[in-house]
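Read through the structure below, which is laid out as structure tokens, and then see the notes.
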Amino acid sequence: MSDFEVIIYEKQNNIGYVILNRPQALNAYNLRMRDELYQVLGAIRDDPEVKVAIFRGAGERAFCAGADLAEFLTAPSPVVARQVRWERDIWGLFLSITKPLIVAVHGYVLGSGIEIALCCDIRLASEDAQFGLPEAGLGIIPAAGGSQTLPRMIGRAKALEILLTGRWIKAEEAYHLKLVNQVVSRHDLLPAAERLASKIKSYSPTAVACAKQAITRGLDLSLDQGLELEAKLGELIISSH
Ligand code: COA
């Protein structure tokens, strides 16, 4: 993975560190980033040495300012540009990972930036973070799951307001909407994520993976089905001992 151009991926002490690395373009999500992220997510999923991952953005100004608008302009239309992105199901891959994913966002968190964050399990934001979904104003809709993951996280009314009006929200409001778990100073953003990661990685990977699945998969089930899922995952843990 050493030939990566727009993602930095490092492993240290059982933590996978993923950095979106196009700071000159506010880490806008382009096709190269999609391809590199696809490889990185596969590595996180398959590498037993990685117990938890932390995602963040390079540079001072943004986690990610959304899809690369320059690519939109060179493609025949935004619709075709979107189609190209779907050819690799990066979002399905994200959601299939049973290891905990922590995201630490700062600055602009727009479009695909929010969508990446919503595919992670625990979201930390620095005080300067600003969130927005500009898609409707560009004549498109989110294509990386945002129209589904956002209402599941913050509820229907607020998700509709943010998507339909394009209103940006600041970190404090994002916290009150339960879009992010914690707001911390910029200085403490990575250390706060590392404290969480250290705690999680000290636990049994099987228990952690089952706990994550029980909640994330269970939320899309009825209570009866969810309880059944919990029982099955519980049995799996016992049988693994
Ligand atoms: N795609 C491609 N390049 C982007 C980008 C994007 N989504 N967002 C920012 N950039 C680039 C700019 O083109 C600029 O490059 P340049 O220095 O070569 O001209 C650089 O990042 C800095 O951005 P700039 O617009 O100069 O910063 P700003 O502080 O004036 O404004 C934003 C910041 C985020 C408000 C503004 O860049 C913006 O609106 N970006 C687009 C957001 C968006 O609509 N995303 C698509 C969602 S689907």
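Observations on the structure shown:
- Residues satisfying the criterion are present in region 69-86 (criterion: away from the ligand (no atom under 12 Å from the Cβ), modelled with pLDDT under 90 and among the aromatic types (Phe, Trp, Tyr)).
- Scanning region 37-68 for residues that are within 13 Å of the ligand (Cβ to nearest atom) and assigned to a loop (DSSP other than H, G, I, E, B) turns up 58, 59, 60, 61, 65, 66, 68.
- Failed item, numbered, when residue 144 is tested on (1) touching a Ser or Thr at 6+ places or on another chain (Cβ under 7 Å); (2) assigned to a helix (DSSP H, G or I): (2)
- Residue satisfying all of: in region 213-236; of a type in the set (D, E, K, R) and over 16 Å from residue 96 (Cβ atoms); surrounded by the most Cβ atoms within 10 Å (Cβ to Cβ) among these: 230
- Selection over region 106-159 of residues that are charged (D, E, K, R), more than 14 Å from the ligand (Cβ to nearest atom) and within 23 Å of residue 23 (Cα to Cα) gives a count of 2.
- For region 19-36, a residue qualifies if it is under 15 Å from residue 90 (Cβ atoms) and away from the ligand (no atom under 16 Å from the Cβ), and the qualifying residues are 35, 36.
- Residue match in region 166-186 (condition: in contact (Cβ under 8 Å) with a residue 60 or more places away in the chain, surrounded by fewer than 22 Cβ atoms within 10 Å (Cβ to Cβ) and assigned to a loop (DSSP other than H, G, I, E, B)): yes
- Residues that are over 20 Å from residue 18 (Cα atoms) and in contact with a Ser or Thr (Cβ under 6 Å, 6 or more places away or on another chain) within region 185-211 comprise just one, 206.
- For residue 225, the conditions (1) part of a helix (DSSP H, G or I); (2) in contact (Cβ under 8 Å) with a residue 60 or more places away in the chain; (3) more than 24 Å from residue 67 (Cβ to Cβ) are fulfilled apart from (2).
The values are calculated or read from the model by the stated rules, or taken from the named source; none is laboratory data. Treat the numbers as computed from the prediction; the structure is a model and nothing was measured. For neighbour counting, all protein chains shown are included, and Cβ atoms are generated from backbone atoms with ideal geometry for every residue, glycine included.
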